[in-house]
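S.K.: Here's a structure for you.
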Amino acid sequence: MRVAVIGAGIAGLTAAFRLRLAGAEPVVFEAQAQTGGVIGTERIEGFLVESGPTTIQAANPILDALIRDAGLEPDRLPASKTARKRYIVRDGKPVAAPGSPADLVTNSLFSARAQRRALREPLIPKSRPAAEESVADFARRRFGPEALDYGMDPLVAGVYGGDPKRLAIRHAFPGIWRMEQESGSIVRALLQGSKDKKNRMGRGGMFSFRKGLGQLPEALSDALGDRLRLSTPVRRLERQGTGWIVSGDRLLGGHGQTAWSESFDAVVYAAPLHALASIALPEGPSLEPLTNVVYAPLAVTAMGFRREHVGHPLDGFGMLVPGVERSIRILGTLFTSSIFSGISSASSTFRSDVARAPARHVLLTTIIGGMRNPALASLPEKEAYALVLGDLRSLLNISGEPVFRWHTSWERAVPQYNIGYGKTLAAIERLEAAWPGWFMAGNYRMGVSIGDAAKSGEEAARRCLL
Ligand SMILES: Cc1cc2nc3c(=O)[nH]c(=O)nc-3n(C[C@H](O)[C@H](O)[C@H](O)COP(=O)(O)OP(=O)(O)OC[C@H]3O[C@@H](n4cnc5c(N)ncnc54)[C@H](O)[C@@H]3O)c2cc1C
């Protein structure tokens, strides 16, 4: 069975890897010159920068199996214990966020009034299962306005770069939505869940790999060998009997391009939804609910400092900034060199090949833009550095100049599971039903995390093989 996989992000690579292991013949077509989609790692001047994601949430059986089968298990790098602590900015300062359901009423992030309101949460009736409520309305209804401003809003910024007034709770945070539907209360569900330590506030374990997250797409790509074709955008898809003709260009690095066309038994579409608009497709159901999906723009700025120039202890995963903190314009900052310090708990020796910053230095990775401030994602590099440095100086008490800077931006980074997203998901299913041998995978389907995108790839491969 020959399968064309369109897009070499984690969803497409997972689908192709699984198809190959099952004995099928996948060919992955990737528009860019590199594999991995938004996942990519570079080590520059001793600092390790990630172009998109920095960590993966642990305890995901699909990713665990993928990592094992790709031979990457020995390179898995757990986040340090320090990274369990997270900061939220309040009144212009990072304040430690609650680490467990019990902390919700003892920590200093929320006012006494907000804590009393949170205690009433188990008494709030659940919403109708068919309702499409926004994340903001859901948080305000169950926990009160402060929990929205200093709890849900920064979380939404961290995961989606999104707007809580537009995101739909049931699609954007299905786990939280199910807690309400099944237990009638988030607090009750969390208290039940916290008996299982791994589940504690969903923070149990994050990880990466020794040489960064880029190792995952690289290992999958290596396993695919010449079945992965880079710089090869797909431009046209035609149905031919029960199969497909896939056509496109091969970009020859500044020397023009050549056209190609090949026949396949099936297609796994694993490129972003907006890319559908630039591919000639067969007649079929309307693509508007797919191509209209909003993607948040994001920019990533990494900065390295000498340790003694940063006054904050950086004893955590990072800090998120609520939208109500109007004087701060960044969405959040990862304390990257604290998450992966290069110091193993067993030996306490410093490993410069694993650490994200050289000895006596720190690396901070800041995200700007999102639906809150979309224009900031496309700022020229120099202006982005000035904005980020200004905010970091005041939040983390930074005195000296950065010794290292790196910047990249994504015009359409993360799909927004907004109110009405149910129509998009239904349209995807209609398309799959209308076009036999057509399967869709990607971060627009089962969630935006790496684990969710990989799961959608695995699922597409499974259905393709039926
Ligand atoms: C800045 C940022 C930070 C993030 N942080 C985290 C994090 O810490 N943890 C986490 O779990 N997740 C994080 N995410 C989310 C997660 O990384 C992504 O949702 C996921 O990696 C997307 O995978 P994908 O395969 O669906 O899509 P993509 O990675 O977008 O891959 C799609 C591929 O399709 C290709 N393509 C497009 N058009 C064509 C065409 N016509 N022909 C051929 N190929 C085409 C593209 O070039 C691209 O390579 C982050 C995302 C961003 C942007």
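The values are calculated or read from the model by the stated rules, or taken from the named source; none is laboratory data. The model shown is predicted, which means the values in this text are computed figures rather than measured ones. Quick reminder, even Gly has a Cβ in these numbers, built from the backbone with ideal geometry, and neighbours come from all protein chains shown.
S.K.: Scan region 425-447 residue by residue and report those that are surrounded by 21 or more Cβ atoms within 10 Å (Cβ to Cβ) and near the ligand (Cβ under 10 Å from one of its atoms).
M.R.: ALA441, GLY442, ASN443, TYR444, ARG445
S.K.: Given the conditions (1) within 16 Å of the ligand (Cβ to nearest atom); (2) out of contact with any helix residue (DSSP H, G or I) (no Cβ under 6 Å at 6 or more places or on another chain); (3) not assigned by TED's automatic domain parsing to the domain that holds LEU276, report the number of the one that VAL403 does not fulfil.
M.R.: Answer for VAL403: the failing condition is (1).
S.K.: With VAL95, VAL89 as the choices, which residue is away from the ligand (no atom under 16 Å from the Cβ), under 26 Å from VAL300 (Cα atoms) and under 22 Å from the mean Cα position of the chain (by Cα)?
M.R.: Values: VAL95 fails: under 22 Å from the mean Cα position of the chain (by Cα).
It is VAL89.
S.K.: Looking at region 446-466, which of its residues are within 13 Å of the chain's Cα centre (by Cα) and touching a residue at least 60 places away in the same chain (Cβ under 8 Å)? Outline the logic, then answer.
M.R.: Let us first name the residues in region 446-466 that are within 13 Å of the chain's Cα centre (by Cα), namely 446-454.
Result: GLY447, VAL448, SER449, ILE450, GLY451, ALA453, ALA454.
S.K.: Tally up the residues in region 23-47 that are within 17 Å of SER208 (Cβ to Cβ), within 16 Å of the ligand (Cβ to nearest atom) and out of contact with any helix residue (DSSP H, G or I) (no Cβ under 9 Å at 6 or more places or on another chain), please.
M.R.: Of the residues in region 23-47, 1 are within 17 Å of SER208 (Cβ to Cβ), within 16 Å of the ligand (Cβ to nearest atom) and out of contact with any helix residue (DSSP H, G or I) (no Cβ under 9 Å at 6 or more places or on another chain).
S.K.: Mind telling me which of the residues ARG142, ARG128 ends up being at negative phi, in a helix (DSSP H, G or I) and of a type in the set (Lys, Arg)? Don't jump to the end; show me each part of the working.
M.R.: On the way: ARG128 fails: in a helix (DSSP H, G or I).
Checking each option against the conditions leaves just ARG142.
S.K.: For the list (1) away from the ligand (no atom under 14 Å from the Cβ); (2) in contact (Cβ under 8 Å) with a residue 12 or more places away in the chain; (3) of a type in the set (Asp, Glu), I need the number of the one condition that GLU283 fails.
M.R.: Just one mismatch for GLU283, condition (2).
S.K.: Quick check on this structure: which one of ALA346, ALA277 is exposed (fewer than 14 other Cβ atoms within 10 Å of the Cβ) and at pLDDT below 95? Break it down stepwise before answering.
M.R.: Details: ALA277 fails: at pLDDT below 95.
Sole residue among the options that is exposed (fewer than 14 other Cβ atoms within 10 Å of the Cβ) and at pLDDT below 95: ALA346.
S.K.: Is it the case that some residue within region 249-272 is in the same structural domain as LYS126 (by TED's automatic domain parsing) and within 16 Å of the ligand (Cβ to nearest atom)? Break it down into steps so the answer makes sense when it comes.
M.R.: Of the residues in region 249-272, the ones in the same structural domain as LYS126 (by TED's automatic domain parsing) are none.
For region 249-272, residues in the same structural domain as LYS126 (by TED's automatic domain parsing) and within 16 Å of the ligand (Cβ to nearest atom): absent.
S.K.: Still on this structure, I have one more. Could you count how many residues in region 1-22 are near the ligand (Cβ under 6 Å from one of its atoms), touching a strand residue (DSSP E or B) at 6+ places or on another chain (Cβ under 8 Å), over 17 Å from ILE245 (Cβ atoms) and of a type in the set (A, V, I, L, M, F, W, C)?
M.R.: Residues of region 1-22 near the ligand (Cβ under 6 Å from one of its atoms): 6-12.
Narrowing the set further to residues that are touching a strand residue (DSSP E or B) at 6+ places or on another chain (Cβ under 8 Å) leaves 6-8, 12.
Among the residues that remain, those that are also over 17 Å from ILE245 (Cβ atoms) are: 7-8, 12.
Checking which are of a type in the set (A, V, I, L, M, F, W, C) leaves us with 8.
Residues meeting the conditions: 1.
S.K.: Within region 47-54, does at least one residue satisfy the condition of being aromatic (Phe, Trp, Tyr) and closer than 24 Å to ASP391 by Cβ?
M.R.: In the first step, residues of region 47-54 are kept if they are aromatic (Phe, Trp, Tyr); the result is 47.
Among the residues that remain, those that are also closer than 24 Å to ASP391 by Cβ are: 47.
The answer is yes, given that some residue of region 47-54 is aromatic (Phe, Trp, Tyr) and closer than 24 Å to ASP391 by Cβ.
S.K.: So which residues in region 331-341 are assigned to a loop (DSSP other than H, G, I, E, B) and over 16 Å from TYR160 (Cβ atoms), if there are any at all?
M.R.: Keep residues of region 331-341 that are assigned to a loop (DSSP other than H, G, I, E, B), which gives 331, 335, 340-341.
Correct list: PHE335, PHE340, SER341.
S.K.: Among the numbered conditions (1) surrounded by fewer than 18 Cβ atoms within 10 Å (Cβ to Cβ); (2) over 29 Å from GLU25 (Cα atoms), tell me where THR242 comes up short.
M.R.: Result: THR242 fails condition (2) only.
S.K.: Taking the stated definitions as given, is LEU389 in contact (Cβ under 8 Å) with a residue 40 or more places away in the chain and closer than 20 Å to PHE317 by Cα? Show your work before the answer.
M.R.: Numbers: in contact (Cβ under 8 Å) with a residue 40 or more places away in the chain: yes; closer than 20 Å to PHE317 by Cα: yes.
The answer is yes for LEU389.
S.K.: Oh, and also: So THR408 ticks every box in (1) within 14 Å of the ligand (Cβ to nearest atom); (2) in contact (Cβ under 8 Å) with a residue 40 or more places away in the chain; (3) surrounded by fewer than 22 Cβ atoms within 10 Å (Cβ to Cβ); (4) closer than 20 Å to ARG166 by Cα but one. Which box is left unticked?
M.R.: Here THR408 meets the rest and fails (4).
S.K.: If you check GLU73, GLU45, GLU25, which single one turns out to be under 21 Å from ALA271 (Cβ atoms) and at pLDDT 95 or above? Give the steps one after another, and end with the answer.
M.R.: On the way: GLU73 fails: under 21 Å from ALA271 (Cβ atoms); GLU45 fails: under 21 Å from ALA271 (Cβ atoms).
Unique residue meeting the criteria: GLU25.
Quick grid of which residues meet (1) over 23 Å from the mean Cα position of the chain (by Cα); (2) within 20 Å of GLY158 (Cβ to Cβ); (3) of a type in the set (Phe, Trp, Tyr):
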position: ALA377; (1), (2), (3): no, yes, no
position: ALA386; (1), (2), (3): yes, no, no
position: LEU389; (1), (2), (3): yes, no, no
position: LEU395; (1), (2), (3): yes, yes, no
position: GLU432; (1), (2), (3): yes, no, no
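S.K.: Same structure again: Of all the residues that make up region 286-307, how many are away from the ligand (no atom under 16 Å from the Cβ) and either in contact with a Lys or Arg (Cβ under 8 Å, 6 or more places away or on another chain) or modelled with pLDDT of 95 or more (or both)?
M.R.: To start, the set of residues in region 286-307 that are away from the ligand (no atom under 16 Å from the Cβ) comprises 286, 288-289, 292, 304-307.
Checking which are either in contact with a Lys or Arg (Cβ under 8 Å, 6 or more places away or on another chain) or modelled with pLDDT of 95 or more (or both) leaves us with 288-289, 292, 304-307.
Going through region 286-307 one residue at a time, the tally reaches 7.
S.K.: Okay, next question. Take ALA136 and tell me if it is out of contact with any strand residue (DSSP E or B) (no Cβ under 6 Å at 6 or more places or on another chain) and more than 16 Å from the ligand (Cβ to nearest atom).
M.R.: On the way: out of contact with any strand residue (DSSP E or B) (no Cβ under 6 Å at 6 or more places or on another chain): yes; more than 16 Å from the ligand (Cβ to nearest atom): yes.
It is true that ALA136 is out of contact with any strand residue (DSSP E or B) (no Cβ under 6 Å at 6 or more places or on another chain) and more than 16 Å from the ligand (Cβ to nearest atom).
S.K.: Considering only region 115-142, state which residues are crowded, with 23+ Cβ neighbours inside 10 Å and under 22 Å from MET319 (Cα atoms). Please lay out each step first, then the result.
M.R.: Taking region 115-142 as the starting set, the residues that turn out to be crowded, with 23+ Cβ neighbours inside 10 Å are 135, 138-139, 142.
Correct list: VAL135, ALA139.
S.K.: Give just the number: which of (1) in contact with a strand residue (DSSP E or B) (Cβ under 7 Å, 6 or more places away or on another chain); (2) surrounded by fewer than 22 Cβ atoms within 10 Å (Cβ to Cβ); (3) among the acidic types (Asp, Glu) does GLU50 not satisfy?
M.R.: Among (1) in contact with a strand residue (DSSP E or B) (Cβ under 7 Å, 6 or more places away or on another chain); (2) surrounded by fewer than 22 Cβ atoms within 10 Å (Cβ to Cβ); (3) among the acidic types (Asp, Glu), the lone unmet condition for GLU50 is (2).
S.K.: Of everything in region 152-169, what is touching a residue at least 40 places away in the same chain (Cβ under 8 Å) and assigned to a helix (DSSP H, G or I)? Give them in sequence order. Can you show your working first?
M.R.: To start, the set of residues in region 152-169 that are touching a residue at least 40 places away in the same chain (Cβ under 8 Å) comprises 153-155, 157-163, 166-168.
Of everything in region 152-169, those that are touching a residue at least 40 places away in the same chain (Cβ under 8 Å) and assigned to a helix (DSSP H, G or I) turn out to be ASP153, PRO154, LEU155, ALA157, GLY158, VAL159, TYR160.
S.K.: Which of (1) more than 28 Å from PHE335 (Cβ to Cβ); (2) within 14 Å of the ligand (Cβ to nearest atom); (3) surrounded by fewer than 24 Cβ atoms within 10 Å (Cβ to Cβ) does ILE67 not meet, given it meets every other one?
M.R.: (1) is the only condition that ILE67 fails.
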